[in-house]
Amino acid sequence: MTSTISAFTALGLIEPLTRALTAEGYTTPTPIQSQAIPALLTGSDLLGIAQTGTGKTAAFALPMLQKLIENKKPAKPHRPRALVLAPTRELALQIRDGFTAYGRHSGLRHACIHGGVGQNPQVKALAAGCDILVATPGRLLDLMNQRFAFLDAIEFFVLDEADRMLDMGFIHDMRAIIAKLPAQRQNLLFSATMPDAVMSLANGILKNYKRIEITPQATTVERIEQRVMFVSRENKKTLLHDLLKGKDMQRALVFTRTKHVANRIAEQLAKSGIGAEAIHGNKSQNARQRALDGFKQGRLKVLVATDIAARGIDVDGITHVINYELPMDAESYVHRIGRTARAGTTGVAISFCDAEEVGQLRIIERTIRQPITVDISHGYHAPQIADRKDGAPLSHRGQRQGKGGGGGRGRRPHRGGGNFNRNRAA
Ligand code: AMP
(Lines give C-alpha, C1' and ligand atoms only; values in the text may rest on other atoms or scores of the structure.)
Protein backbone atom coordinates (compact mmCIF):
# COMPACT_ATOMS: atom_id res chain seq x y z
CA MET A 1 0.00 0.00 0.00
CA THR A 2 1.38 3.37 -0.94
CA SER A 3 -0.09 4.93 2.21
CA THR A 4 2.03 2.53 4.27
CA ILE A 5 5.14 3.56 2.48
CA SER A 6 4.42 7.25 2.75
CA ALA A 7 3.60 7.11 6.48
CA PHE A 8 6.98 5.63 7.31
CA THR A 9 8.83 7.45 4.52
CA ALA A 10 7.59 10.69 6.04
CA LEU A 11 9.58 9.80 9.16
CA GLY A 12 12.70 9.65 7.01
CA LEU A 13 12.99 5.91 6.54
CA ILE A 14 14.49 4.47 3.37
CA GLU A 15 13.00 1.97 0.96
CA PRO A 16 14.61 -1.30 2.12
CA LEU A 17 13.04 -0.64 5.52
CA THR A 18 9.62 0.60 4.42
CA ARG A 19 9.39 -2.45 2.15
CA ALA A 20 9.96 -4.71 5.14
CA LEU A 21 7.31 -2.82 7.11
CA THR A 22 4.81 -3.28 4.33
CA ALA A 23 5.51 -7.00 4.44
CA GLU A 24 4.91 -6.91 8.20
CA GLY A 25 1.55 -5.28 7.57
CA TYR A 26 2.36 -2.10 9.48
CA THR A 27 0.25 0.75 8.15
CA THR A 28 0.80 3.53 10.68
CA PRO A 29 3.72 4.33 12.94
CA THR A 30 2.92 4.01 16.64
CA PRO A 31 3.39 7.17 18.74
CA ILE A 32 6.81 6.12 19.97
CA GLN A 33 7.88 5.39 16.40
CA SER A 34 6.68 8.78 15.10
CA GLN A 35 8.61 10.55 17.83
CA ALA A 36 11.73 8.42 18.15
CA ILE A 37 12.60 7.62 14.54
CA PRO A 38 13.24 11.18 13.25
CA ALA A 39 15.18 12.08 16.42
CA LEU A 40 17.35 8.98 16.23
CA LEU A 41 18.05 9.53 12.54
CA THR A 42 19.58 12.89 13.45
CA GLY A 43 21.95 11.10 15.83
CA SER A 44 20.33 12.15 19.10
CA ASP A 45 20.48 10.05 22.28
CA LEU A 46 17.10 8.93 23.57
CA LEU A 47 15.37 8.21 26.83
CA GLY A 48 12.19 6.26 26.13
CA ILE A 49 9.68 5.67 28.88
CA ALA A 50 7.57 2.99 27.32
CA GLN A 51 6.51 -0.57 27.85
CA THR A 52 6.72 -3.43 25.42
CA GLY A 53 3.62 -3.37 23.28
CA THR A 54 4.10 0.23 22.24
CA GLY A 55 6.19 -0.64 19.18
CA LYS A 56 9.45 0.39 20.81
CA THR A 57 11.53 -2.35 19.17
CA ALA A 58 10.85 -0.96 15.70
CA ALA A 59 11.31 2.55 17.10
CA PHE A 60 14.95 1.84 17.84
CA ALA A 61 15.69 -0.94 15.34
CA LEU A 62 14.63 0.99 12.23
CA PRO A 63 16.81 4.09 12.64
CA MET A 64 19.68 1.92 13.79
CA LEU A 65 19.39 -0.27 10.70
CA GLN A 66 19.15 2.78 8.50
CA LYS A 67 22.29 4.40 9.87
CA LEU A 68 24.19 1.15 9.55
CA ILE A 69 23.00 0.73 5.95
CA GLU A 70 23.93 4.29 5.04
CA ASN A 71 27.39 3.89 6.46
CA LYS A 72 27.95 0.30 5.48
CA LYS A 73 31.22 -1.37 6.38
CA PRO A 74 32.12 -5.05 6.25
CA ALA A 75 31.21 -6.67 9.57
CA LYS A 76 34.41 -7.40 11.49
CA PRO A 77 34.78 -10.70 13.33
CA HIS A 78 34.00 -10.38 17.06
CA ARG A 79 33.36 -6.63 16.75
CA PRO A 80 29.70 -5.68 16.30
CA ARG A 81 28.74 -2.08 15.47
CA ALA A 82 25.52 -2.04 17.47
CA LEU A 83 24.66 -3.56 20.83
CA VAL A 84 21.21 -4.07 22.32
CA LEU A 85 21.15 -5.25 25.93
CA ALA A 86 17.99 -6.91 27.24
CA PRO A 87 17.34 -8.41 30.68
CA THR A 88 15.87 -11.76 29.65
CA ARG A 89 16.40 -14.34 27.00
CA GLU A 90 12.76 -14.02 25.94
CA LEU A 91 13.06 -10.31 25.32
CA ALA A 92 16.42 -10.74 23.58
CA LEU A 93 14.86 -13.26 21.19
CA GLN A 94 11.92 -10.96 20.51
CA ILE A 95 14.28 -8.13 19.68
CA ARG A 96 16.26 -10.43 17.42
CA ASP A 97 13.01 -11.35 15.65
CA GLY A 98 12.37 -7.64 15.18
CA PHE A 99 15.76 -7.19 13.50
CA THR A 100 15.11 -10.23 11.32
CA ALA A 101 11.79 -8.77 10.18
CA TYR A 102 12.72 -5.11 9.78
CA GLY A 103 16.22 -5.78 8.45
CA ARG A 104 15.38 -8.44 5.90
CA HIS A 105 16.36 -6.21 2.95
CA SER A 106 19.20 -4.45 4.73
CA GLY A 107 21.99 -6.89 3.98
CA LEU A 108 23.10 -6.48 7.61
CA ARG A 109 23.80 -9.36 9.94
CA HIS A 110 22.70 -9.77 13.50
CA ALA A 111 23.27 -12.29 16.25
CA CYS A 112 21.62 -12.97 19.59
CA ILE A 113 23.51 -14.23 22.61
CA HIS A 114 21.95 -15.29 25.90
CA GLY A 115 22.41 -17.81 28.65
CA GLY A 116 20.74 -21.16 29.06
CA VAL A 117 22.15 -22.66 25.89
CA GLY A 118 25.59 -23.73 24.71
CA GLN A 119 27.90 -20.90 23.71
CA ASN A 120 29.42 -22.46 20.57
CA PRO A 121 26.86 -21.30 17.99
CA GLN A 122 27.04 -17.83 19.55
CA VAL A 123 30.82 -17.78 19.36
CA LYS A 124 30.61 -18.84 15.72
CA ALA A 125 28.16 -16.06 14.92
CA LEU A 126 30.47 -13.53 16.54
CA ALA A 127 33.48 -14.90 14.69
CA ALA A 128 31.65 -14.71 11.37
CA GLY A 129 31.05 -11.02 12.02
CA CYS A 130 27.73 -9.41 12.82
CA ASP A 131 26.66 -5.79 12.56
CA ILE A 132 24.12 -5.95 15.36
CA LEU A 133 24.42 -7.90 18.57
CA VAL A 134 21.42 -8.49 20.84
CA ALA A 135 22.50 -9.85 24.21
CA THR A 136 21.65 -10.51 27.82
CA PRO A 137 24.31 -9.08 30.16
CA GLY A 138 25.59 -12.26 31.82
CA ARG A 139 26.41 -14.22 28.68
CA LEU A 140 27.82 -11.18 26.92
CA LEU A 141 30.21 -10.51 29.75
CA ASP A 142 31.17 -14.14 29.77
CA LEU A 143 32.00 -14.08 26.07
CA MET A 144 33.83 -10.77 26.45
CA ASN A 145 35.97 -12.28 29.18
CA GLN A 146 36.78 -15.17 26.90
CA ARG A 147 37.75 -12.63 24.23
CA PHE A 148 35.04 -13.72 21.80
CA ALA A 149 33.32 -10.34 21.87
CA PHE A 150 34.86 -6.86 21.78
CA LEU A 151 32.87 -3.68 22.10
CA ASP A 152 35.36 -1.14 20.76
CA ALA A 153 33.53 -0.76 17.44
CA ILE A 154 30.10 -0.07 18.96
CA GLU A 155 28.37 2.93 17.36
CA PHE A 156 24.88 2.31 18.82
CA PHE A 157 24.09 1.16 22.30
CA VAL A 158 20.56 0.31 23.44
CA LEU A 159 19.65 -0.58 26.99
CA ASP A 160 16.18 -2.06 26.98
CA GLU A 161 13.94 -2.49 30.03
CA ALA A 162 16.44 -0.70 32.24
CA ASP A 163 14.15 -0.92 35.27
CA ARG A 164 13.94 -4.69 34.93
CA MET A 165 17.72 -4.89 34.49
CA LEU A 166 18.14 -3.25 37.88
CA ASP A 167 15.42 -5.38 39.48
CA MET A 168 17.19 -8.48 38.26
CA GLY A 169 20.48 -7.39 39.76
CA PHE A 170 22.38 -6.72 36.53
CA ILE A 171 23.84 -3.40 37.62
CA HIS A 172 27.41 -4.68 37.97
CA ASP A 173 27.32 -6.61 34.71
CA MET A 174 25.92 -3.56 32.96
CA ARG A 175 28.60 -1.29 34.38
CA ALA A 176 31.31 -3.71 33.29
CA ILE A 177 29.87 -3.79 29.78
CA ILE A 178 29.36 -0.04 29.51
CA ALA A 179 32.95 0.54 30.61
CA LYS A 180 34.14 -1.24 27.46
CA LEU A 181 32.12 0.90 25.04
CA PRO A 182 33.91 3.58 23.04
CA ALA A 183 33.20 7.16 24.15
CA GLN A 184 31.79 8.19 20.78
CA ARG A 185 28.44 6.44 20.28
CA GLN A 186 24.69 6.96 20.14
CA ASN A 187 22.84 5.81 23.26
CA LEU A 188 19.25 4.76 23.82
CA LEU A 189 17.70 3.75 27.11
CA PHE A 190 14.20 2.36 27.49
CA SER A 191 12.36 1.72 30.69
CA ALA A 192 8.72 1.14 31.57
CA THR A 193 9.12 3.02 34.82
CA MET A 194 11.54 5.71 35.88
CA PRO A 195 12.54 5.28 39.52
CA ASP A 196 15.56 7.28 40.76
CA ALA A 197 17.97 4.39 40.20
CA VAL A 198 17.05 4.22 36.51
CA MET A 199 17.27 7.98 36.17
CA SER A 200 20.79 8.03 37.57
CA LEU A 201 21.75 5.17 35.27
CA ALA A 202 20.31 7.15 32.35
CA ASN A 203 22.21 10.27 33.38
CA GLY A 204 25.44 8.28 33.37
CA ILE A 205 24.88 6.94 29.87
CA LEU A 206 22.94 9.51 27.84
CA LYS A 207 24.17 12.84 26.49
CA ASN A 208 21.90 15.64 25.25
CA TYR A 209 19.10 13.20 24.92
CA LYS A 210 15.54 13.47 23.73
CA ARG A 211 13.00 12.20 26.24
CA ILE A 212 9.87 10.46 25.03
CA GLU A 213 7.23 9.24 27.41
CA ILE A 214 4.57 7.09 25.84
CA THR A 215 2.42 5.53 28.49
CA PRO A 216 2.43 7.74 31.54
CA GLN A 217 3.48 5.66 34.50
CA ALA A 218 0.74 3.46 35.86
CA THR A 219 -1.86 4.61 33.39
CA THR A 220 -3.85 1.72 32.13
CA VAL A 221 -4.08 1.04 28.46
CA GLU A 222 -7.47 2.32 27.43
CA ARG A 223 -8.35 -0.40 25.02
CA ILE A 224 -8.39 -3.03 27.73
CA GLU A 225 -11.75 -3.94 29.19
CA GLN A 226 -11.08 -4.46 32.88
CA ARG A 227 -13.28 -6.49 35.16
CA VAL A 228 -13.09 -7.85 38.65
CA MET A 229 -14.83 -11.00 39.87
CA PHE A 230 -15.23 -11.42 43.59
CA VAL A 231 -14.63 -15.03 44.45
CA SER A 232 -13.44 -16.91 47.50
CA ARG A 233 -10.00 -18.42 47.36
CA GLU A 234 -11.29 -21.97 47.12
CA ASN A 235 -13.69 -21.15 44.28
CA LYS A 236 -11.05 -19.56 42.08
CA LYS A 237 -10.07 -22.83 40.48
CA THR A 238 -13.63 -23.65 39.37
CA LEU A 239 -14.19 -20.13 38.13
CA LEU A 240 -11.01 -20.26 36.08
CA HIS A 241 -12.01 -23.53 34.48
CA ASP A 242 -15.50 -22.15 33.73
CA LEU A 243 -14.11 -18.99 32.16
CA LEU A 244 -11.58 -20.83 30.04
CA LYS A 245 -14.35 -22.85 28.48
CA GLY A 246 -15.77 -19.66 26.97
CA LYS A 247 -15.56 -19.42 23.18
CA ASP A 248 -14.08 -15.94 23.16
CA MET A 249 -11.27 -17.11 25.42
CA GLN A 250 -8.84 -17.92 22.65
CA ARG A 251 -5.47 -17.19 24.19
CA ALA A 252 -5.29 -16.50 27.88
CA LEU A 253 -2.41 -15.45 30.08
CA VAL A 254 -3.07 -16.30 33.73
CA PHE A 255 -1.06 -14.59 36.44
CA THR A 256 -0.30 -15.92 39.89
CA ARG A 257 1.86 -14.50 42.63
CA THR A 258 3.89 -17.63 43.27
CA LYS A 259 5.61 -20.26 41.18
CA HIS A 260 3.94 -22.94 43.25
CA VAL A 261 0.42 -21.75 42.41
CA ALA A 262 1.41 -21.29 38.75
CA ASN A 263 2.55 -24.91 38.56
CA ARG A 264 -0.53 -26.21 40.31
CA ILE A 265 -2.95 -24.36 38.05
CA ALA A 266 -1.15 -25.38 34.86
CA GLU A 267 -1.25 -29.01 35.98
CA GLN A 268 -4.93 -28.87 36.88
CA LEU A 269 -5.83 -27.27 33.57
CA ALA A 270 -3.77 -29.75 31.58
CA LYS A 271 -5.44 -32.61 33.44
CA SER A 272 -8.86 -31.34 32.50
CA GLY A 273 -7.85 -31.17 28.85
CA ILE A 274 -7.08 -27.44 28.55
CA GLY A 275 -3.65 -26.94 26.96
CA ALA A 276 -1.67 -25.05 29.58
CA GLU A 277 1.88 -24.64 30.84
CA ALA A 278 3.52 -22.60 33.54
CA ILE A 279 6.37 -20.16 32.97
CA HIS A 280 8.41 -18.87 35.89
CA GLY A 281 11.92 -18.41 37.20
CA ASN A 282 12.36 -22.01 38.40
CA LYS A 283 11.82 -23.43 34.95
CA SER A 284 14.84 -23.98 32.73
CA GLN A 285 15.32 -21.51 29.90
CA ASN A 286 14.45 -24.26 27.47
CA ALA A 287 11.22 -25.15 29.25
CA ARG A 288 10.25 -21.46 29.32
CA GLN A 289 10.95 -21.02 25.65
CA ARG A 290 9.07 -24.20 24.79
CA ALA A 291 6.02 -23.03 26.73
CA LEU A 292 6.22 -19.62 25.11
CA ASP A 293 6.52 -21.11 21.62
CA GLY A 294 3.57 -23.43 22.29
CA PHE A 295 1.52 -20.45 23.39
CA LYS A 296 2.55 -18.35 20.38
CA GLN A 297 1.80 -21.13 17.95
CA GLY A 298 -1.59 -21.81 19.50
CA ARG A 299 -0.71 -25.29 20.78
CA LEU A 300 -1.34 -24.02 24.30
CA LYS A 301 -4.45 -22.02 25.00
CA VAL A 302 -3.23 -20.92 28.40
CA LEU A 303 0.07 -19.75 29.78
CA VAL A 304 0.29 -19.45 33.56
CA ALA A 305 2.94 -16.98 34.63
CA THR A 306 4.46 -15.15 37.54
CA ASP A 307 5.23 -11.46 37.20
CA ILE A 308 8.96 -11.71 36.59
CA ALA A 309 8.69 -14.50 34.03
CA ALA A 310 5.99 -12.65 32.13
CA ARG A 311 8.01 -9.50 31.71
CA GLY A 312 8.44 -8.71 28.08
CA ILE A 313 6.21 -11.53 26.87
CA ASP A 314 5.28 -10.26 23.46
CA VAL A 315 2.67 -12.56 22.06
CA ASP A 316 0.13 -11.09 19.71
CA GLY A 317 -3.49 -12.11 20.05
CA ILE A 318 -3.70 -12.64 23.82
CA THR A 319 -7.45 -12.20 24.19
CA HIS A 320 -7.55 -12.38 27.98
CA VAL A 321 -5.32 -11.69 30.91
CA ILE A 322 -6.61 -13.31 34.08
CA ASN A 323 -5.25 -12.27 37.43
CA TYR A 324 -5.81 -15.44 39.42
CA GLU A 325 -4.25 -13.58 42.28
CA LEU A 326 -3.90 -9.82 42.38
CA PRO A 327 -0.35 -8.52 42.30
CA MET A 328 1.11 -6.83 45.36
CA ASP A 329 1.51 -3.49 43.62
CA ALA A 330 -0.46 -1.49 41.12
CA GLU A 331 2.40 -1.15 38.68
CA SER A 332 2.56 -4.91 38.20
CA TYR A 333 -1.17 -4.86 37.54
CA VAL A 334 -0.65 -2.37 34.74
CA HIS A 335 2.18 -4.46 33.32
CA ARG A 336 0.16 -7.64 33.50
CA ILE A 337 -2.92 -6.35 31.75
CA GLY A 338 -0.74 -4.67 29.12
CA ARG A 339 0.01 -8.15 27.73
CA THR A 340 -3.37 -8.05 26.02
CA ALA A 341 -4.69 -5.42 23.60
CA ARG A 342 -1.39 -5.23 21.76
CA ALA A 343 -0.74 -3.60 18.43
CA GLY A 344 -4.10 -1.89 18.22
CA THR A 345 -6.32 -4.82 19.23
CA THR A 346 -8.66 -4.90 22.19
CA GLY A 347 -8.43 -7.23 25.13
CA VAL A 348 -10.05 -8.23 28.36
CA ALA A 349 -8.42 -8.32 31.78
CA ILE A 350 -10.27 -10.21 34.49
CA SER A 351 -9.08 -10.07 38.07
CA PHE A 352 -10.15 -12.56 40.70
CA CYS A 353 -10.42 -10.91 44.05
CA ASP A 354 -10.90 -12.79 47.31
CA ALA A 355 -11.64 -11.27 50.69
CA GLU A 356 -7.97 -10.80 51.48
CA GLU A 357 -7.27 -9.00 48.24
CA VAL A 358 -9.84 -6.22 48.50
CA GLY A 359 -7.23 -3.82 49.89
CA GLN A 360 -4.96 -4.46 46.90
CA LEU A 361 -7.87 -3.94 44.53
CA ARG A 362 -8.53 -0.56 46.10
CA ILE A 363 -4.91 0.48 45.71
CA ILE A 364 -4.96 -0.57 42.06
CA GLU A 365 -8.17 1.36 41.40
CA ARG A 366 -6.74 4.43 43.04
CA THR A 367 -3.55 4.19 41.00
CA ILE A 368 -5.25 3.73 37.67
CA ARG A 369 -7.80 6.34 38.73
CA GLN A 370 -10.82 4.34 37.73
CA PRO A 371 -13.05 1.76 39.33
CA ILE A 372 -12.83 -1.69 37.80
CA THR A 373 -16.18 -3.03 36.64
CA VAL A 374 -17.58 -5.80 38.81
CA ASP A 375 -18.49 -8.85 36.77
CA ILE A 376 -21.13 -11.14 38.23
CA SER A 377 -21.79 -13.06 35.03
CA HIS A 378 -20.61 -16.30 36.55
CA GLY A 379 -22.66 -15.85 39.65
CA TYR A 380 -19.86 -14.85 41.96
CA HIS A 381 -20.49 -11.65 43.74
CA ALA A 382 -20.12 -9.98 47.02
CA PRO A 383 -23.55 -9.33 48.45
CA GLN A 384 -23.03 -5.64 49.02
CA ILE A 385 -21.17 -4.79 45.89
CA ALA A 386 -23.96 -2.39 45.06
CA ASP A 387 -22.69 -0.36 48.01
CA ARG A 388 -19.55 0.46 46.13
CA LYS A 389 -19.96 4.11 45.34
CA ASP A 390 -17.18 6.41 44.32
CA GLY A 391 -14.66 3.70 44.98
CA ALA A 392 -15.77 3.44 48.59
CA PRO A 393 -14.40 0.41 50.39
CA LEU A 394 -16.29 -2.73 49.74
CA SER A 395 -18.17 -4.31 52.56
CA HIS A 396 -19.05 -7.90 52.26
CA ARG A 397 -20.67 -10.68 54.12
CA GLY A 398 -18.43 -12.72 56.34
CA GLN A 399 -16.41 -9.75 57.39
CA ARG A 400 -17.34 -8.27 60.71
CA GLN A 401 -19.11 -5.03 60.19
CA GLY A 402 -19.15 -2.08 62.51
CA LYS A 403 -16.41 -1.36 65.02
CA GLY A 404 -14.22 -4.36 64.40
CA GLY A 405 -14.60 -4.24 60.62
CA GLY A 406 -13.02 -0.85 60.20
CA GLY A 407 -14.30 -0.67 56.65
CA GLY A 408 -12.27 -3.71 55.74
CA ARG A 409 -9.71 -1.96 53.61
CA GLY A 410 -6.56 -3.96 53.69
CA ARG A 411 -7.68 -5.79 56.80
CA ARG A 412 -7.48 -9.48 56.91
CA PRO A 413 -10.81 -11.07 57.46
CA HIS A 414 -10.79 -14.80 58.02
CA ARG A 415 -9.62 -16.85 55.08
CA GLY A 416 -11.84 -17.97 52.27
CA GLY A 417 -14.99 -19.72 53.34
CA GLY A 418 -18.06 -17.86 52.19
CA ASN A 419 -16.76 -14.32 52.15
CA PHE A 420 -17.85 -14.21 48.59
CA ASN A 421 -20.60 -16.61 47.85
CA ARG A 422 -21.40 -18.24 44.64
CA ASN A 423 -24.89 -17.74 43.43
CA ARG A 424 -25.46 -19.91 40.43
CA ALA A 425 -28.96 -18.62 39.98
CA ALA A 426 -27.77 -15.07 39.50
P1 AMP B 1 7.09 -3.92 20.86
O2 AMP B 1 6.61 -2.83 21.76
O3 AMP B 1 8.28 -3.51 20.07
O4 AMP B 1 7.30 -5.19 21.62
O5 AMP B 1 5.94 -4.21 19.77
C6 AMP B 1 4.69 -4.72 20.11
C7 AMP B 1 3.98 -5.34 18.94
O8 AMP B 1 3.49 -4.36 18.04
C9 AMP B 1 4.82 -6.30 18.12
O10 AMP B 1 4.07 -7.46 17.91
C11 AMP B 1 5.05 -5.57 16.80
O12 AMP B 1 5.13 -6.48 15.74
C13 AMP B 1 3.83 -4.71 16.69
N14 AMP B 1 4.05 -3.42 16.00
C15 AMP B 1 5.09 -2.57 16.19
N16 AMP B 1 4.95 -1.47 15.44
C17 AMP B 1 3.80 -1.61 14.74
C18 AMP B 1 3.10 -0.80 13.78
N19 AMP B 1 3.56 0.39 13.40
N20 AMP B 1 1.95 -1.28 13.29
C21 AMP B 1 1.47 -2.47 13.68
N22 AMP B 1 2.06 -3.29 14.58
C23 AMP B 1 3.23 -2.86 15.11
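Taking a point 7 Å from the Cα of residue 183 along the Cα-to-Cβ direction, the residues of region 142-167 with backbone N closer than 18 Å to it are 151-157. By accessible area, using a 1.4 Å probe on protein heavy atoms only, region 92-233 has 48% of its surface on carbon and sulfur.
So with the 1.4 Å probe, I'd like the accessible area per residue for region 76-130, rounded to whole Å².
Per-residue value: 35 Å².
According to the square roots a ≥ b ≥ c of the eigenvalues of the Cα gyration tensor, what is the shape class of region 222-326, taking rounded for a/c under 1.5, prolate for a/b larger than b/c otherwise, and oblate for the remainder? Taking the square roots of the gyration eigenvalues as a ≥ b ≥ c, region 222-326 is rounded. Using DSSP to define loop residues, name the chymotrypsin sites (Phe, Trp or Tyr not before Pro) in region 72-177 whose beta-carbon has at most 16 other beta-carbon atoms within 10 Å. Passing both the DSSP loop test and the Cβ count: 150. Distance between the pseudo-spin-label points of residue 272 and residue 196 (7 Å out from Cα toward the beta carbon): 4.7 nm. Average projection, convex hull of the Cα set of region 2-213: 10.5 square nanometres.
Between residue 299 and residue 101, the FRET efficiency estimated from the beta carbon spacing at R0 = 25 angstrom works out to 0.65. The alpha carbon centroids of region 259-299 and region 1-80 are separated by 34 Å. If you take all other residues with their beta carbon under 14 Å from the beta carbon of residue 197, and give Lys and Arg +1 and Asp and Glu -1, the sum is -2. Given the pairs 237/259; 237/301; 124/207; 67/207, which span a C-alpha to C-alpha distance of over 26 angstrom in this model? The pairs that break the limit, which is 26 Å between Cα atoms, are 124/207. As a rough guide to protection, the peptides 276-282, 203-209 ranked by mean Cβ packing within 10 Å, highest first, stand as 276-282, 203-209. Note on residue 15 and residue 282: with the Förster distance fixed at 41 Å, the Cβ-Cβ geometry gives a FRET efficiency of about 0.30.
In a fully extended conformation the segment linking residue 245 and residue 109 would gain 44.5 nm over its present Cα-Cα distance, using 0.36 nm per residue. Here the extension length gained between residue 23 and residue 316 equals 103.8 nm, from 0.36 nm per residue of separation less the Cα-Cα distance.
Its Cα gyration tensor gives region 109-194 an equivalent ellipsoid, and the semi-axes of that ellipsoid, as √(5λ) in whole Å with the largest first, are 21, 16, 12. Take residue 223 and residue 373, extend 7 Å from each Cα along the Cα→Cβ direction, and tell me the distance between the two endpoints in nm. Modelled inter-label distance: 1.7 nm. Both radii come from the Cα set of region 1-122: Rg as radius of gyration, Rh as Kirkwood radius; their ratio Rg/Rh reads 0.96.
The values are calculated or read from the model by the stated rules, or taken from the named source; none is laboratory data. Given the structure is predicted, the values throughout are model-derived calculations rather than measurements. No Cβ is skipped: glycine too gets one built from the backbone with ideal geometry, and neighbour counts run over all protein chains shown. Heads up: the accessible areas ignore ligands, DNA and RNA and are worked out on the full protein's heavy atoms, side chains in. Shrake-Rupley method; radii C 1.70, N 1.55, O 1.52, S 1.80 Å.
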